[in-house]
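These notes concern the structure reproduced below.
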Amino acid sequence: MTVDRYPAVNRPAGPVCSICIANYNGAALLDDCLQSVLAQQGNIASEIIVHDDASSDDSVKLLREKYPLVELLASRENVGFCVSNNRMAEQARGEFILLLNNDAALYPDALETLLAAARAQTRAGILTLPQYDWVSGELIDRGCLLDPFYNPVPNLDPQRTDVAMVIGACLWLPRMLWDELGGFPEWIDSIGEDLYLCCRARLAGHAVRVLKDSGYRHRVGASFGGGKARDNKLVTRFNRRALSERNKTFAMVMTYPPPIMQLWLPVHLVLLLVEGVLLTILRGQRTYLSEIYLPVFQALFQNRRLLLKQRKAIMQRRKIGLCDFLSVFTLMPHKLSMLFRHGLPQVK
């Protein structure tokens, strides 16, 4: 692989946890993220691995000069979020892996809380912490449920711990489970890889849970752009929206149990097309249809054999029934809720 590796100084002999941080042009974000990791309570033996995805800013210089305790994988070419995390997981030596965004910062007791919960599990699973807005400190979610179209729906119920998925900004799991699930599909690139991994884990009988205590702060959208409401308007980017629609559809094909996938996928595709046409008309921009929605159909056709092969392998290892899988879904389409709340999305 075309990566320059800079080993950490004084690496722990047997780390319990490997904290993996994917970075691209995050020099302005890394200090807050890394300082939160270094300030963790509990004296947990941890290693920090950062994969720099061919940044054009001073990220590599900052890491090498200020953070010698970090193991740095500096890619010579931009490979995307999925490849970055897969490379770090391959290097990880800890019993557990924590995937942490460079635009996130852990509460001081985060690792302690995650490790205690992981040790208490009878069967390995995926864990996360409550997510809070970086600026306001308001709760963003306690993990997410899913609507029928695989749109994440923030869980705000403090009593609900079983969820459909956790955001990849703070995702904890045993390294053995990561290996069992095969990590992130590298052809997904970015956006939705956490959705896929959590759905696959649940199908294989592994819990996906959010803990009630501790938490992390997150500058939502800082590392990829968009994805949050500003001034009561949902703002995103064409590239992010295109990847989101494509990868949610991919995840649906690979992980929706039968017969729901066969029945619901045509409905999903028709509604995607209708959505694209309406946004094109209402916004007066053909780019909505040509850059976001039509590419979903093209990608689905081009990758059909790969998707169906992956689906077959996932369903062969399926351990839970349809009702259990759907127990963390909501009936209300999340896009409809967001439309009523924020109006039409602003895509830049």
Matching residues, segment 40-83, being of a type in the set (Asp, Glu) and more than 13 Å from Ala8 (Cβ to Cβ): Asp52, Asp53, Asp57, Asp58, Glu65, Glu77
What residue, of Glu77, Glu90, is in the same structural domain as Ser214 (by TED's automatic domain parsing), of a type outside the set (Phe, Trp, Tyr), over 24 Å from Arg219 (Cα atoms) and free of Cβ contacts under 8 Å to residues at least 12 places away in the same chain? Glu90
Can you find even one residue in segment 100-109 that is of a type outside the set (S, T, N, Q) and at pLDDT below 95? no
Which numbered condition Ile314 fails, given (1) β-branched (Val, Ile, Thr); (2) under 27 Å from Trp187 (Cβ atoms); (3) touching a strand residue (DSSP E or B) at 6+ places or on another chain (Cβ under 9 Å); (4) modelled with pLDDT of 95 or more: (3)
Pairs needed: first member in segment 53-70, surrounded by 13 or more Cβ atoms within 10 Å (Cβ to Cβ); second member anywhere, of a type in the set (Lys, Arg); C-beta distance under 9 Å; at least 6 residues apart or different chains. Ala54/Arg76; Leu69/Arg11; Val70/Arg64
Gly221 vs (1) assigned to a helix (DSSP H, G or I); (2) at pLDDT below 95: all pass except (1)
Residues that are in contact with a strand residue (DSSP E or B) (Cβ under 9 Å, 6 or more places away or on another chain) and either assigned to a loop (DSSP other than H, G, I, E, B) or in the same structural domain as Thr249 (by TED's automatic domain parsing) (or both), drawn from segment 171-212: His206, Ala207, Leu211
Restricting to segment 165-218, name every residue that is on the phi < 0 side of the Ramachandran plot and among the β-branched types (Val, Ile, Thr). Val166, Ile167, Ile188, Val208, Val210
Report every pair of residues separated by at least 6 positions or lying on different chains whose Cβ atoms are under 8 Å apart, first residue within segment 273-287 and within 17 Å of Thr249 (Cβ to Cβ), second charged (D, E, K, R) and at pLDDT below 90. Glu275/Lys335
Expected single match for surrounded by 17 or more Cβ atoms within 10 Å (Cβ to Cβ) and under 19 Å from the mean Cα position of the chain (by Cα) among Gly168, Gly182, Gly94 is Gly168
Residues satisfying the stated conditions in segment 324-340, i.e. in a helix (DSSP H, G or I), touching a residue at least 12 places away in the same chain (Cβ under 8 Å) and either surrounded by fewer than 13 Cβ atoms within 10 Å (Cβ to Cβ) or of a type in the set (Lys, Arg) (or both): Lys335
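Per-residue answers, yes or no, for (1) under 27 Å from Ala207 (Cβ atoms); (2) at pLDDT 95 or above; (3) in contact with a Phe, Trp or Tyr (Cβ under 6 Å, 6 or more places away or on another chain):
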{"residue": "Leu30", "(1), (2), (3)": "no, yes, no"}
{"residue": "Ser36", "(1), (2), (3)": "yes, yes, no"}
{"residue": "Asn43", "(1), (2), (3)": "no, no, no"}
{"residue": "Val79", "(1), (2), (3)": "no, no, no"}
{"residue": "Ala89", "(1), (2), (3)": "yes, yes, yes"}
{"residue": "Leu98", "(1), (2), (3)": "yes, yes, yes"}
{"residue": "Ala116", "(1), (2), (3)": "yes, yes, no"}
{"residue": "Arg123", "(1), (2), (3)": "yes, no, no"}
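The values are calculated or read from the model by the stated rules, or taken from the named source; none is laboratory data. Quick caveat, the model's predicted, so the values are computed rather than measured. Cβ coordinates were reconstructed from backbone atoms using ideal geometry, including for glycine residues, and neighbour counts include every protein chain displayed.
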